[in-house]
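Inspection log for the structure reproduced underneath, given as structure tokens.
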Ligand code: UT7
């Protein structure tokens, strides 16, 4: 038995933060951001009092409408996020309550930008062992809530959005999640983190004054790790399954930086038309970036298409999934 994605719903906030507007906030240019990162604009959830659960709830409702599945059939909801509504309770619980899902249990997963590949593997384990029948996997980020709009080295990168997927079992062993290679390395915690607000540095006037509740990133170090780890693990997955470039329908990489994506595709021997990218429109939405690509390009995929999904993020966390798409365009 394999676990397979049966449908995708999504929600992106309406507000578009362009490079032009960013250049009025910090010393930057559209040219620098496009050349060094590849982002033109990103979506921002502007309204006060709304968090990740707001977008996640709309994504789940979109999913339920699209698939026709009843919320009463859902037995588990997992939410991958680094920007939960609150430190507790879990955003998964809040989404269940807002949607009216009554028969499920669930929790949040924090795996940085690898949130989707880690949580799809988790969901698949519950499905493959028969412990759950219908899981909703939500990835959602309000990255704008932890982005320092006075720091030009990080603020052009990030955007907001949410995606929900229905994960079920299939007896057809030729589709679904075929294999995963996943890693963590705590060395990364000194290069990419949100310092304050947790138990080690609870909020104080000083942490707020020092802007320690925002993302800190040593971009060059993270870049070097990301380029080598994402490419290594994607090539390892190809070798493990004797996959040639011609066997792969699409690489769907985490959308952090176009240069990291290009380097990964090059190591895999893939031409540009096999690499799905929407970083230009949405920026880096952390664990939501691969799902946003799947959501946007859903109609491109045919049953049996071989996909490699590959990510790198805070932790460090990284890995690659070998996934065979489960349905024809609807
Ligand atoms: O998703 C989780 C994982 N995260 C990532 O994978 C992100 C990895 N890192 C990166 O993508 C890149 O390191 C950045 C996009 C964050 C930065 O790009 P970079 O090519 O590594 O730039 P840099 O930090 O080496 O800076 C080059 C120059 C510096 O000026 P000097 O010292 O050469 O005069 C920076 O001050 O660019 C300057 N700079 C900017 N200039 C205009 C940095 N940010 C900006 C900016 N606009 N926004």
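Rule-based calculations on the coordinates, nothing more; no lab input. Note that the structure is predicted; figures quoted are calculated from it, not measured. Using ideal geometry, Cβ is built from the backbone for each residue, glycine included, and neighbour counts are taken over all protein chains shown.
Observations, loosely collected:
- Share antiparallel - DSSP beta bridges, the chain, percent rounded to 5: 70
- Cα convex hull of the stretch 2-170 - mean projected area over all directions, nm²: 10.1
- From least to most packed, judged by other beta carbons within 10 angstrom and beginning with the fewest, 318, 325, 32 follow the order 32, 325, 318.
- Computed label-point distance, nm, for sites residue 34 and residue 21 using a 7 Å Cα→Cβ extension: 1.9
- Packing, taken as the mean count of other beta carbons within 10 Å per residue, orders the peptides 282-288, 34-40 from highest to lowest as 282-288, 34-40.
- Relative contact order for the chain, counting Cα pairs under 8 Å that sit 6 or more residues apart, in percent: 25
- Rg/Rh (Cα only; Kirkwood hydrodynamic radius) as it applies to the stretch 222-330: 0.94
- Descending principal axes extents, the stretch 146-209, alpha-carbon based, whole Å: 57, 25, 22
- Listed by Cβ neighbour count within 10 Å, with the fewest neighbours leading, 273, 218 appear as 273, 218.
- Top of 53, 23, 70 by mean-square fluctuation, Gaussian network on the chain, Cα under 10 Å: 70
- Pairs of alpha carbons in the chain whose separation is greater than 35 Å (percent): 16
- Protection proxy ranking, highest mean first, for peptides 207-215, 12-20: 12-20, 207-215, where packing is the per-residue count of other beta-carbon atoms within 10 Å, averaged.
- Listing 42, 267 from fewest to most neighbouring C-beta atoms within 10 Å gives 267, 42.
- Average Cα contact separation per residue, the stretch 2-170, under 8 Å, 6 or more apart, as relative contact order %: 35
- Point-to-point label distance, residue 239-residue 216, nm (Cα→Cβ direction, 7 Å offset): 3.6
- Highest-first packing order for the peptide set 225-237, 182-194, 124-136 is 225-237, 124-136, 182-194, based on the mean count of other beta carbon atoms within 10 Å.
- Surface/4 of the Cα convex hull for the stretch 38-116, nm²: 6.5
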